[in-house]
Each structure stands twice: as structure tokens, then as C-alpha cells.
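Single-structure report; data block below.
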Amino acid sequence: MTGILLRAGAALALASLVVACGEDDPDRAAQESKALEETIAQEHQKVEAALSGPVSYKMEEVVPGSAFHGIHGITETSDGKLLAGSVLGRAIYEIDQETGDVSVYEEPPIGMADDLEEGPDGELGWTAFLDGKYYLRTKDGELRVLAEGLPGLNSTAWNAEGRLFTTQVFLGDALYELDPQGVAPPRKIMEGMGGLNGFDFGPDGKLYGPLWFKGQVARVDVDKETLEVVAEGFEVPAAVNFDSKGNLWVVDTAAGIVYRVDVETGKKTKIADVDPAIDNLALTSDDRLFITNMADNAIIEIDTETGEERPLVKGELAVAGDIALAVEDGEEVLYVGDVFSIRKVNLSDGEVSEVGRVFASKIDYPISVAAAHGRIGVAGWSSGAVQVIEPGEKLRAPHHDFAAPTDALPLEDGSTLVAEYGKGALTRVSADWETREEVMTDLKGPANLVLGPDGMIYLSEQLAGTISRIDLETGEKTIIAEDLDGPEGFAFGANGNIFVAEVAAKRITRIDNETNEHTVLAEDLPIGFGFEDDVLPLNVPTGVAVAKDGAIYFSSDMDAGIYRLVPE
């Protein structure tokens, strides 16, 4: 059986290469296929020899970790602290404005913050977007819950009178006033504004904020409950803020532009061109301007006169979700579902490149990836989105209304198999995306889909602790590994062994193809970042891939990096 699996694995690798080279260049494809076949055969022999007895592994860094898990709201406190919040990271961070040093200010899981701002008495309020809660920490340390049951709480600001306001965006569309004492319930002021995102109060006492879905900036009278547009013509305005002189600053997340706006005339003045995926901005007491970029895990200072940018903090990856190995132009690459972008890592040199990023590309919070038949399946559980990428071609828009999709595996006939965690089902979607058919139900946490070297499909079930072989023709599921502790990503090695991330145990385990023996290869790994209140138990999936040289790659949801295990 080992020999069969080896030949099947080589055939699949060669098929991927032919697709990558392009059908319009058969000579080149044939030459590179032959070269790769010889390389695979040699590497298989090395791997077989290495795996014939006990092997110890060491961990090496491939892509360095990042300071955050995506970064969003940002503010300066009255004592000069620069604070920023992360939703997936469930934390509020303090950032040194000169050195970029980062420390945790409010620990997970309470610290989940899409936006945050200090009140008149030194209290800090913040929005827990996914939890649907609004938290306030008083200066003496008391924690209050001012609102709950409001999913999509997004932005917040205090006015000069010490009144506190917040909005729902994406999972709702409403403006509320909150009681800082936590006694009175939230008072809804208005709804259906069009996505009133990062807002601020102006010198006139009015609320100013971007209408995300309308490309406008609006002024709201919170007492008269009226709204009027003051500026328009933006692609996707994400946040606004006033400086000490009364100038309104606006960031456009899709265009990657920082504007200064005259609220009387609506005139926009472009100050800086930056990378798209800007989330928020803050102006300090001395009018220094800082912006956050969620795709780059970045906090950037913008010179308000010249537009020059100074990265204060930046990461190569934002979240480091699932990974998938592909061969393109004879090179092994890892695709990474990075939530705010899709990235590729070249295994030969570790170089990270970008396939697309949110708001500037046709992707929607991609966190899971799967490679098969020369295509890349992409899933975003938080957006309910699935798409398939043809390497080298333009991105096509994702398809929505899936129930927390946690993987999408391209099939040979052009259809796509989707793991829907929210329904506990596998759904097959036709090549034209017109038809969806549930082919398997009653699954317990379907997590990762893999095309095996034998041409069969394999599935990990996180809550069941199993890996199974799936027969799409008969609908039969055969468990091939069980008693696993929170299995998520897994991959096949050269001889058919399975390497799986048992995330709940923070380890990677090898499952012998012939004996089914489980051998722990490495433990105490930087994986398993999750909390009881997470919307999905599979919050940030840990991906696993095995390269042709036998190195085992895995993504770290703890520090947003990528590592590999190599035999010592």
C-alpha cells in the first residue's frame, strides 16, 4: 500500500505542476514534470529512510509572528497612552509612540475591541464586536458591561458632556446612547444609516462618521435624531477623527487614502496614499496622526503635512490561519488564509507575497485554504463565504450564505466540497455555483478537508476527535484515526502517514499509515489560541502541510507566524 500511495502522491504533484505551467506550454510542462518526478523520487527515498525508525524534530521559524491578531480601533488616553484593539486577538494593546514596543493593556478574552475611547473620568469603553457586548473599565479597575446581545457593536465615542455612544455595523445598523453607570439600558437613537462606522464628535457637538455602505460622511444630531451628508465620493470610508484645530480626517479603507475634509463645503484633500485595509485612526493631543491597517497588522504614523508614512508596528501576517501546499512553476508555496488577506509563502526562501486583501480585492475574510487539482479553495467562516482561486488568474467574487464554512476543497469535476461547521455538514457545490447538495450531515465540528494521495477525500472533525475517509459516491464515512485531541489541520507525508495538529493538546502527531500508531512529534507548540466565549470553537484554524523534503509546516494561531518541524 505504501508504494501505491507514493506513486499516487507523485502523480498528484505532477498534475498540479502541469496545471501551473499552463496547458498552452506543453513542452515546458513536460520538462518540469520530468525534473520534479526525479526530485520527488529522491526525496521519497530520503523520507522513507528517515521514517524507518524513531525521529526527533526541531522547530524552525519560517515567517515571524506578529504583535497582534489583526488590529482595529485606536485611541490616545489623557495620560498619553496609545491603545489599539483586536477582535480575534480579544485584547487591547499599548503601543509606545516612539519605539513601537507593544504590551497587553487589557487581557483576553475580555479585551476584544473593535473600537475604544477614554471617557471624561479616565474610564475606558470598548466594543466587543463578536460577543455583542460593550465593556467599560473604570479608572479604579471596575469592569462594567453596559450592553449585551447587540452583535456587531463596532464604534464608540464620548461627547464633550460625557455622554457615551456606540453603533452596530455589519451585524446590525443602529446608533445607541449608553449609560456609563450600566444602570439604564441602551437607548436606540436611529437605525438603517448605512453602516455608521468609526465616528467622532466635532467642535459643534454633532456626531460625524462614515457611512460604510454609502461612500459618504454624515453629521448626526443625537438629540434631534437627524442625519445629513457632509461629504461623499469615497469608496469605503472606515473612520473619521477631528484634530485640535477642528479639521476632520477620514480614512478610506478600499482606496487606501487618508483625507482631510472641510465639513462646511465637503471638499476632500488627499493627504496620503497608503495600502488598503485601513481600519481606524487616532489624533493625539499634539495632532500626531496614527492609522491601523488590519491586513498588515500595522500601526502607521502619517505626517499630516507631507503624507509621509512611518510604520510603527507591522507584521508579515495578520492572523496566520489555515495553510495549503501547492506547486507553482516548479516551486513549493504555502497559501495562507490570513483573514484580512490571502498570502503565499515561497518555501525556498520564506518570501511572503500577497494574493489579495479585504476591501481592495474580491475576498471576504478568508481563513481556510485547501489545494487540489491545480486550484485553491478558500473559506471564511465569519463571512459565510467560499471561493476558488485559479493561480495566475484574476480573483473571482466569493459566494455567500454558507453556514460557517471552515474549508473548501476543489474537486476534479470543477465542483467544490465545503465543510459547513455551522450545520455539521459537507456540501457539494456545482462547478457553476448554481446547485448545493448536502452529501453528509451529523458531523461534529467538520474542520479540515484534504485530498489524499490515494485520490480519496479526508476530513478532520474537531469535536469528534477523528479523521475519516469520505466516499462521495456512496456517502460512506470511514474513521481512520480517533481519540485525537481537537484535530484541525492535517496532511499526508510521502509514505502515506498522516501528520495532524491536535490543537487542544498543542502538539503535532504522526499517525502511521499501516499500524495506525500515534506518535507525538512535537508538543508545547504555539497553537491553541481560543476561549470559551468564541463564536466558533474553531476560531483560528491551525493548518498543516508536508513539503517534499519531509518538513512539516504549521501555522501558529498564538503568534500569527508559520513554523516548520524538521528532523534533527
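Where a number appears in this text, it was derived from the coordinates with a stated rule and is not lab data. The structure displayed is predicted, hence computed values, not measured ones. We place every Cβ from the backbone using ideal geometry, glycine too, and count neighbours over all the protein chains shown.
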Worksheet item: What are the lysines whose alpha-carbon lies under 23 Å from the alpha-carbon of residue 188, with same-chain residues fewer than 8 places away excluded?
Response: 133, 206, 214, 224
Worksheet item: Debye sum, Cα scatterers, the stretch 333-420, no solvent: what log₁₀ I/I(0) at q = 0.10, 0.15, 0.17 1/Å?
Response: -0.21, -0.48, -0.62
Response to the item:
Taking a crude spin-label model, label points 7 Å out from Cα along the C-beta direction, the residue 432 to residue 412 distance in nm is 2.3 nm
Fill in: Extension gain from residue 314 to residue 61, taking 0.36 nm per residue of separation minus the Cα-Cα distance
89.3 nm
Discussion item. Quick check: the distance between the Cα centres of the stretch 169-225 and the stretch 383-424, to the nearest angstrom?
Written reply: 35 Å
Fill in: Rounded D (µm²/s) - the stretch 202-252, Kirkwood Rh over Cα pairs, Stokes-Einstein at 25 °C, 0.890 mPa s
220 µm²/s
Discussion item. Can you give me the long-range amide H partners of residue 557? Hydrogens built in the peptide plane at 1.01 Å from N, cutoff under 5 Å, separation of 5 or more residues or another chain.
Written reply: 528, 529
Practice prompt. Take residue 267, project a point 7 Å from its Cα along the Cβ direction, then tell me which residues of the stretch 216-236 have their backbone nitrogen under 19 Å from it.
Written response: 217, 230-234
Discussion item. Using a 7 Å offset from the Cα along the Cα-to-Cβ direction at both residue 79 and residue 140, what is the distance between the two label points in nm, to one decimal?
Written reply: 1.6 nm
Worksheet item: Given a cut-off of under 8 Å on Cα pairs at least six residues apart, what relative contact order in percent is computed for the chain?
Response: 12 percent
Fill in: Inter-probe distance in nm under a simple model that places probes 7 Å from Cα toward Cβ, at residue 480 and residue 519
1.8 nm
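With +1 on the Cβ of every Lys and Arg and -1 on the Cβ of every Asp and Glu, and nothing else charged, how large is the dipole of the chain about its Cα centre, in debye rounded to the nearest 20?
Taking the Cα centre of the chain as origin, the dipole is about 580 debye.
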Worksheet item: By how many degrees, 0 to 90 and rounded to 10, does the Cα axis of helix 26-50 deviate from the longest principal axis of the chain?
Response: 80 degrees
Worksheet item: Along the charge dipole of the stretch 385-541, which of 535, 505, 392 sits closest to the positive end, that is, farthest toward it, with unit charges on the beta carbon of Lys, Arg, Asp and Glu (+1, +1, -1, -1)?
Response: 392
Worksheet item: Can you list the lysines whose alpha carbon is less than 22 Å from that of residue 444, not counting same-chain residues fewer than 8 positions off?
Response: 423, 477, 506
Worksheet entry | Loop-located chymotrypsin sites (Phe, Trp or Tyr not before Pro) in the stretch 188-238 whose Cβ has at most 16 other Cβ within 10 Å (DSSP) | 213
Practice prompt. Could you list the GluC sites (Glu not before Pro) in the stretch 483-567 that lie in coil according to DSSP, counting only those with at most 14 other Cβ atoms within 10 Å of their Cβ?
Written response: 514, 517, 523, 532
Worksheet entry | Cα-based reach from residue 81 at 23 Å (exclusive), listing lysines while leaving out same-chain residues under 8 positions away | 139, 245, 314
Discussion item. Give me, ordered by chain and number, the residues 5 or more places off residue 480 or on other chains with an amide H under 5 Å from its own placed amide H.
Written reply: 467, 468, 469
Fill in: Around residue 362: net Lys/Arg minus Asp/Glu count, Cβ-Cβ under 12 Å
+1
Discussion item. Are there any GluC sites (Glu not before Pro) in the stretch 431-462 that are in a DSSP loop and have at most 13 other Cβ atoms within 10 Å? List them by number.
Written reply: 434
Worksheet entry | Charged-residue dipole, Cβ positions (Lys, Arg, Asp, Glu), the stretch 378-488 about Cα centre, Debye nearest 20 | 320 debye
Practice prompt. Take every Cα pair under 8 Å in the stretch 514-564 that's 6+ residues apart, average their separations, divide by the length, and report that relative contact order as a whole percent.
Written response: 29 percent
